[in-house]
1. Which residue out of A:Leu115, A:Leu105, A:Leu94, A:Leu84 is under 25 Å from A:Leu206 (Cβ atoms) and either charged (D, E, K, R) or crowded, with 22+ Cβ neighbours inside 10 Å (or both)?
2. If I ask for residues that are more than 41 Å from the chain's Cα centre (by Cα) and surrounded by 14 or more Cβ atoms within 10 Å (Cβ to Cβ), which ones from segment A:214-263 would you list?
3. Can you name the helices (runs of 4 or more DSSP H) wholly within segment A:263-336 that have at least 1 residues being β-branched (Val, Ile, Thr), within 12 Å of another protein chain (Cβ to nearest Cβ) and in contact (Cβ under 8 Å) with a residue 60 or more places away in the chain?
4. Considering only residues of segment A:494-504 that are of a type outside the set (A, V, I, L, M, F, W, C) and not in a loop (DSSP other than H, G, I, E, B), which is nearest to the other protein chains (Cβ to nearest Cβ)?
5. Just give me the residues in segment A:50-81 being within 14 Å of another protein chain (Cβ to nearest Cβ), touching a strand residue (DSSP E or B) at 6+ places or on another chain (Cβ under 8 Å) and surrounded by fewer than 22 Cβ atoms within 10 Å (Cβ to Cβ), in sequence order.
6. Considering each of A:Leu535, A:Leu573 in turn, give the residue that is of a type in the set (A, V, I, L, M) and either farther than 17 Å from A:Ile349 by Cα or part of a loop (DSSP other than H, G, I, E, B) (or both).
Amino acid sequence: MKEIKVAVTGNPNSGKSTLINAIAGTNLQVGNWPGVTVEKKTATIKFDDLTINLVDLPGTYSLSPYTQEERIARDFLVKEKPDLIINVVDSTNLERNLYLTIQILELDIPVVIALNIYDEAKKKGYEIDTEKLEQLLGIKVIPTVATKKEGINELLNVIKDFALGINRIVSKKLNYGDVEESLKIVETALKMNDPGLLNKYPSRWLILKLLENDELVLKETGLKGDEKFLKQAVSQFLKSHNEDMESIIADIRYGIAYGVTREVLKKRDRKHTDLTEKIDRIVLNRYLGIPIFLIAMWFVFKLSFDFSAPFSDWLDSVIIGPVTKWTTVLLNAAKSPEWFVSLATEGIIAGVGAVLVFIPIIAVMMFIITLLEGSGYMARVAFIMDRLMHSIGLHGKSFIPLILGFGCNVPSIYATRVLESERDRKLTAMLVPLMSCGARLPVYAIFIGAFFAKNAPTVLWSLYVLGILLAILLGLFLKKTLFKGFAPVFIMELPPYRVPLLRDLMIHTWHKLKHFVIKAGTYIFAVSVIMWFMLNTPYGVEKENSALGRVGKTISPVFAPLGFGTWEASSSLVAGLIAKEVVVSTMAQIYVTDNGQEEKTEGTEETKNFLEDLKDVAISFFNALVDSFQNLLAGFGIKSLQVEEEEKKTALKSKLQEIFTPLSAYAFLAFVLLYWPCVVVGIAMKQEFGSWKIYGQAILIHSMMAWLVAFLIYQGGSLLGF
Amino acid sequence: MNLSELKKGQKAKITSINSKGLIKRRLMDMGVLPGETVEVEKIAPLGDPIDIFVKGYHLSLRKSEAEQINVEVIE
C-alpha cells in the first residue's frame, strides 16, 4: 500500500481547521508539538489504496516566522520535507494569501491549493479563473467550501493521483527579476564552500533567506550576515535601490501575488460594505464599542458559569451522596477495615470527584472561547482592550483569560492559548490567580457571615478589587523584571465575522476535555489521595496529631505576625492548596469536633434502596439541566453567596468568632485570596507550559505577596487601633 | 507625515518604513510595504490601536508602530 505525507498550511482565518475536520473527521488526533504547547493535529486516512498521513501546520502569514506557531510551520516545511503541501487559501483575500503560496513555491515541494471559502467569494461577486491560476503557478487548484464539505473529494482525488504518479505537479520556479543574478552568485559560492547546505535545505529557499539575512537561517547554518559572497551578491543592488534586500524581496513576492491576482480575479467593483463592515461600525463604535463589549463579556461570563454550575453541583452531589454511600455499603459488606473504607470514599472517590466537577466548566468555557475565536470577535476584544491591557504589559487578548478567571482559574490557564506569544501567555497565566475565583467564595462567605454581616457587600467587593489592583501592580512589576525584554508588538488581522460550525466547536471542546481528564486527572487524583493520608495518618489520631496537624503546627509561627498563627488555621491553609474551598471544610473538621451526630443523620437516608437512589440521580440531573437553562434567563447575581445556613456552619462561625478578630479575619481572607495558586491551576500550568517552572514562580511570588499584604493589613490595622 | 497622524477615513500612500528587524519584517509580510495604499478605517474606542485597510483586508496596529510608517495623503 502506498503512503504519502501531506502537510496542510495556510494563513490564519483561511478556514484551515474546518477543512482538516472535514477531511479527517473522527480520525483527527490532537496533541502538542514536541517541546512546545502549540496544538498539533494529525490524521491518517485511507483513501482507496492510499494511506494519507496528514499534518496540520499552525496558521502562518509567512515563512519568516514571527510567532512560535509560525516557527513550527516553517520548521516542518523546511526540515521534514513533506511529499505534498495542501495550501489553504482564502478566496475572499486572494492577494495576501498568495504571498504565502509564493514563499511555499520556493521550497520546491509540489503544492495543491484548496481555494477555500469559495462560496463567500462568489457571493461577493468574485470570479476566480482557477485554470489560469494553475498555469501561472504550475500547481493544482481545487475550489472548496470546507463548511459544506464541498471539494473535499476532489482534493483527495488529486492527492491520490499525485501519489500514484498519474498526475505530476511541478511547481513553477517564479522569476524574481533582478534578484536572480544575486541568487546565482550565492549558489555558486555555496557550491564551492558548503555544498552540504544545499542538500540539507530546499536550495532556492535557503539562498533567498541568506540574501534576506534571515536571522534564524543564519543561526542554523552558522553563516554570517556579512559573509563575503553575500556582500558581493547584494552590492550591485544596494547601489541602485534605496532599500535593504529583505524589503526588495518582500516587494518582489508581493508584486507577483498582485500580478497573479490581477490576472485570475475578476471583481465586480463594489464598495466594501459587507456584513463585517456593518457589524464593526456598531461593535467598534467610539461610544457604543465599550458598552457593547462589556455586555458581551457579561454574557460570556454568565454563560460559562451559570450554565455549568448546576452540572458541577449535580456531579458533586452524586459523588458525595449515592456513590460514596453505596461504596461504603459494598465495602462494609466485604468486611473491609474502617481505614480502607475511609481511604476509598474520602480519598479516592473524593479525588475522582474533584476531577469530574471541573468537566462542565471546562467544557462550557472552551466552547465559548472557540466560539469567540471562530466568529472573529476575539480579535475585536483585543482591539478594544489593547490600550488598557498594554499599559500593564499585556496583550489585548489577555482580557479574556483574566475575566474568565473570576469563575475558575483552571480553564483560564487553558484559555491563555488564545495569545500568540509565549511571553504573553506566561505573563497572563501569572496574573490569573489574582482573579478571585468561585472556590474562594465559600471561605469569604463563612468569614463575612461571622464578622462582617452588616457590611457584607463592601467587604466582598473589596477583596475582588484587592485582587485586581494587585494584578495591575504585579503586571507592571513582572514587565520590568521577569518578563523584561522583547514584548511582541500588536500587528493583528481583524478577520471577517463568520459563523463557526457547531461541528468544529464540538470537536475542539471534546479534545480539550479529553486532554484535561487524562493528563490532569491523574495528578489531581494522586494529590487527593496524598491529602487523605496527610489528614489520616497515623489513622485514628486527633486531627492535631495527624501529619497535616503537625505540618500546620510547624509552620504556624510564620502566620503569627499576620494575626492567625494557630495550627488550625495553618493546617486549613495547607489543605487549601488542593482547592481553596477546602480551607472551609478543613476548618469545619478541625474546629467543630465530631460529636458523632453527623454520621447518624446520614443513616436515615440509607433506607433508600439502590434503584431509588439511581432514580434520584436521574431526577437531579434533569433538575440540573433545567437549572442551567433557567440560570441563563434568570436574574443576574452571584448565586453561590447565598450559602445555606447549616448547623455545622453556624457552629463553625461561632467558633471562628472566638479565635479571630475582625481584623485578623480580614487579613486571613486577603491571604486566602492571594496565596499559593491551587494545585489544579499548577497542573494546568504544567500542561500549558511544559514544565513546573511557571507554577514554581507563581507559588513564590503569590505566597510572598499574600504574606506581605496580610502583614500590612494586620499590623497596619493594629496600629490604627482596629 | 506618519500613519498614526491620519484621520479616520483618510487614504494615504506609504512612502517608507522606519521600523527595524522583526517588526519591519512582520509589517511587510502583512502587506504594509512602501507604495501601498492604506486607509484608516477605525480607531479603537480608547484611542489606540488603529484599524487600517490594506491589501483588501483589515489590519490593526498600535500607534507606536504606526508612527514608524511614513505616508503621503492621497485624498
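The values are calculated or read from the model by the stated rules, or taken from the named source; none is laboratory data. Since this is a predicted model, take the numbers as computed values, not measurements. Glycine gets a Cβ as well: all are built from the backbone with ideal geometry, and neighbour counts include every protein chain shown.
1. A:Leu105
2. A:Glu227, A:Phe229, A:Leu230, A:Ala233, A:Val234, A:Phe237, A:His241 - these are the residues of segment A:214-263 that are more than 41 Å from the chain's Cα centre (by Cα) and surrounded by 14 or more Cβ atoms within 10 Å (Cβ to Cβ).
3. It comes to A:275-283, A:289-318.
4. A:Asp504
5. Across segment A:50-81, the qualifying residue is only A:Gly59.
6. A:Leu573
Results for (1) in contact with a strand residue (DSSP E or B) (Cβ under 9 Å, 6 or more places away or on another chain); (2) surrounded by 21 or more Cβ atoms within 10 Å (Cβ to Cβ); (3) of a type in the set (S, T, N, Q); (4) under 27 Å from A:Leu502 (Cβ atoms), shown as yes or no for each residue.
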| site | (1), (2), (3), (4) |
| --- | --- |
| A:Met1 | yes, no, no, no |
| A:Ile4 | yes, no, no, no |
| A:Asn11 | yes, yes, yes, yes |
| A:Lys16 | yes, yes, no, yes |
| A:Gly35 | no, no, no, no |
| A:Lys41 | yes, yes, no, yes |
| A:Ile45 | yes, no, no, yes |
| A:Asp48 | no, no, no, no |
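Residues are listed down the side, and each one gets a yes or a no for (1) modelled with pLDDT under 95; (2) under 25 Å from the mean Cα position of the chain (by Cα); (3) surrounded by fewer than 22 Cβ atoms within 10 Å (Cβ to Cβ):
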| residue | (1), (2), (3) |
| --- | --- |
| A:Ser640 | yes, no, yes |
| A:Val643 | yes, no, yes |
| A:Glu658 | yes, no, yes |
| A:Phe668 | no, no, no |
| A:Gln687 | yes, yes, yes |
| A:Ala706 | no, no, yes |
| A:Ile713 | no, no, no |
| A:Leu719 | yes, no, yes |
